[in-house]
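Following: one structure in structure tokens, then a few remarks.
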Amino acid sequence: MNVAIIGAGIAGLRCGQLLKEGGVRVSIFDKGRFVGGRLSTRTRSGHFDHGAQYVTARAPTFVAQMERWLAKGIAARWKFRHLDLATGAVTAKERTLGSERARRLAEALAAELPIELETEVAPLDGHTLRDTGGKALGTFDSIVVTAPTVQTRRLLAAYPSLLAPLAPIEHAPCWALMVDFETPWTIDADVLAHGNAIAWAAREASKPGRPKTNGWIVHASPEWSRANLELDREQAAVALFDELRTLGELPPLTHQKAHRWRYAQVVRAAEIPCVVGEGIAIAGDGLLGPRVEAAWLSGEAAAQRLLEAR
């Protein structure tokens with residue numbers, strides 16, 4: 001059995017891991033430069049986890065995986081002071097995330113999987129995949145699509161019956177701002193959350209294993225992101241930095257850059273683990289919910305369905 005997986009985020013990587021363990025030949029394609037999807041880290045001009053900030057675990061298989069990652073030092077506990085911008089309350093909190101960088105978790109899954117990065121797959125018409133430049137990528141017994149829902153709809157436009165269960169899924173956008181300062185920001189917190197324009201801001205150096213920079217990652221609220229979605233990156237960076245300045249006096253700025261996540265968070269899920277039919281499976285966080293764990297479980301479900309169908 002020969003399976004192609006489109007997308008090297010957590011869903012695609014977990015699906016690929018299980019299929020490989022089951023004796024299936026796997027090929028993974030992703031249009032990005034790195035694995036991990038929204039478990040993303042920028043290291044140019046600083047160090048910024050500008051996508052998902054931490055990982056929670058409830059399902060037994062994912063709890064067990066997180067414990068293994070913690071034991072191996074791939075994941076780490078992050079203890080931080082949390083300021084609720086809506087109430088002014090400051091509390092001590094703890095979360096789990098990749099050690100050194102957010103995408104460390106995805107890199108651990110990807111270590112023994114065959115992955116072609118910077119490869120954008122064209123819309124499917126049969127089981128022979130091509131990239132958007134027309135290059136043939138191979139012919140496969142089954143194909144798993146784990147892209148965000150809007151992209152999945154484009155890839156599978158020729159398969160309307162498979163897309164029908166995705167109808168309820170909705171995503172919210174998020175502008176992310178990466179900033180660095182000459183000196184540390186002296187605000188008495190490592191994380192700021194629940195503001196009107198700013199949903200989240202985190203001091204990068206407070207995370208375990210990160211360089212001791214003066215950098216912060218700032219996530220705009222879904223409302224602010226929608227209202228400013230079509231700004232160019234420079235305009236968005238200036239506008240979101242102006243919002244950050246309302247929270248307190250800032251040190252001199254040395255770097256700022258914005259990144260737009262058009263499909264940052266699932267706000268309405270299909271509430272099914274995966275879709276399978278016509279030799280194609282659909283998986284990803286849009287199926288079960290917004291968390292990294294949801295993507296993991298969806299990738300598991302797709303792999304299990306394909307293995308059972310052999």
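The values are calculated or read from the model by the stated rules, or taken from the named source; none is laboratory data. Bear in mind that the values here come from a model prediction, so they are computed numbers and not experimental data. Positions of Cβ are backbone-derived with ideal geometry, glycine not excepted, and every protein chain shown enters the neighbour counts. Accessible surface areas use protein heavy atoms only, side chains included; no ligands, DNA or RNA. Shrake-Rupley method; radii C 1.70, N 1.55, O 1.52, S 1.80 Å.
Classify region 50-138 as rounded, prolate or oblate, taking a ≥ b ≥ c as the square roots of the eigenvalues of its Cα gyration tensor: rounded when a/c is under 1.5, otherwise prolate if a/b is larger than b/c and oblate if not. Kindly include the intermediate steps, with their values, before the conclusion.
On the way: a/c = 3.10, a/b = 2.02, b/c = 1.53.
It comes out prolate by the Cα gyration axes.
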Original post:
Between A111 and R81, how many nm apart are label points set 7 Å from Cα along the C-beta direction?
Top reply: 3.7
Subject >> Accessible-area composition of region 176-301, carbon plus sulfur, in percent [1.4 Å probe] >> reply: 49
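What trypsin sites (Lys or Arg not before Pro) in region 106-202 are in a loop by DSSP, with at most 10 other Cβ atoms within 10 Å of the Cβ?
Sites meeting the loop and neighbour criteria: K135.
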**OP:** For the chain, find the longest principal axis of its Cα atoms and tell me its angle to the long axis of helix 292-308, 0 to 90°, nearest 10.
**Re:** 10
Subject >> Point-charge dipole on Cβ atoms (K/R +1, D/E -1) for the chain, about Cα centre, debye to 20 >> reply: 500
**OP:** Could you name the lysines whose alpha carbon sits less than 30 Å from that of K72, not counting residues in the same chain fewer than 8 places away?
**Re:** K20, K31, K93, K207, K212
Subject >> Protein accessible area in region 1-102, 1.4 Å probe - carbon and sulfur % >> reply: 49
Subject >> Relative contact order %, region 241-310, counting alpha carbon pairs below 8 Å whose residues are six or more apart >> reply: 23
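Can you tally the net charge around E116? Count Lys and Arg as +1, Asp and Glu as -1, for every other residue whose Cβ sits under 11 Å from the Cβ of E116.
For residues surrounding E116, the net value is -2.
Please give the calculated 222 nm ellipticity per residue for the chain, where each DSSP H segment of at least 4 residues contributes -39500 (n - 2.57) and the sum is spread over every residue; nearest 500 deg cm²/dmol?
-7500 deg cm²/dmol
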Original post:
Per residue, how many Å² of accessible area does region 1-147 show with a 1.4 Å probe?
Top reply: 45
**OP:** Show K212, K257 ordered by accessible area, largest first, where the area counts protein heavy atoms only and the probe is 1.4 Å.
**Re:** K212, K257
**OP:** With θ set to phi - 60°, apply the Karplus curve 6.51 cos²θ - 1.76 cosθ + 1.60 along region 146-151 and write out the HN-Hα couplings as whole Hz, x wherever there is a Gly or Pro.
**Re:** 10, 6, x, 4, 4, 6
Subject >> DSSP-defined antiparallel bridges as percent of all bridges, region 1-91, nearest 5 >> reply: 40
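Where both partners of a DSSP beta bridge lie in the chain, what percent of those bridges are antiparallel, to the nearest 5? Please report the intermediate quantities before stating the final value.
Numbers: 41 of 58 bridges.
Counting DSSP beta bridges with both partners in the chain, the antiparallel share is about 70 percent.
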Subject >> Pair D125, T254: separation of 7 Å Cα→Cβ label points (nm) >> reply: 5.3
Original post:
How high is the relative contact order of the chain, in percent, with contacts defined as C-alpha pairs under 8 Å that are six or more residues apart?
Top reply: 23
**OP:** Rounded to whole Å and ordered largest first, report the semi-axes of the equivalent ellipsoid of region 99-185 derived from its Cα gyration tensor (root of 5λ).
**Re:** 32, 20, 13
**OP:** Please work out the average accessible area per residue across region 214-269, using the 1.4 Å probe convention, and give it in Å².
**Re:** 54
Original post:
Using the scaling law 2.2 N^0.38 Å as the reference, what is the normalised Cα Rg of region 3-109?
Top reply: 1.23
Subject >> Added length on full extension, which subtracts the Cα-Cα distance from 0.36 nm per residue, N196 to R33 >> reply: 55.4 nm
Original post:
Relative to the first principal axis of the alpha-carbon coordinates of the chain, what is the inclination of helix 10-21, with its axis defined by its Cα atoms, in degrees from 0 to 90 and to the nearest 10?
Top reply: 40
Original post:
Angle between the Cα long axis of helix 60-72 and the longest principal axis of the chain, 0 to 90 degrees, nearest 10?
Top reply: 60
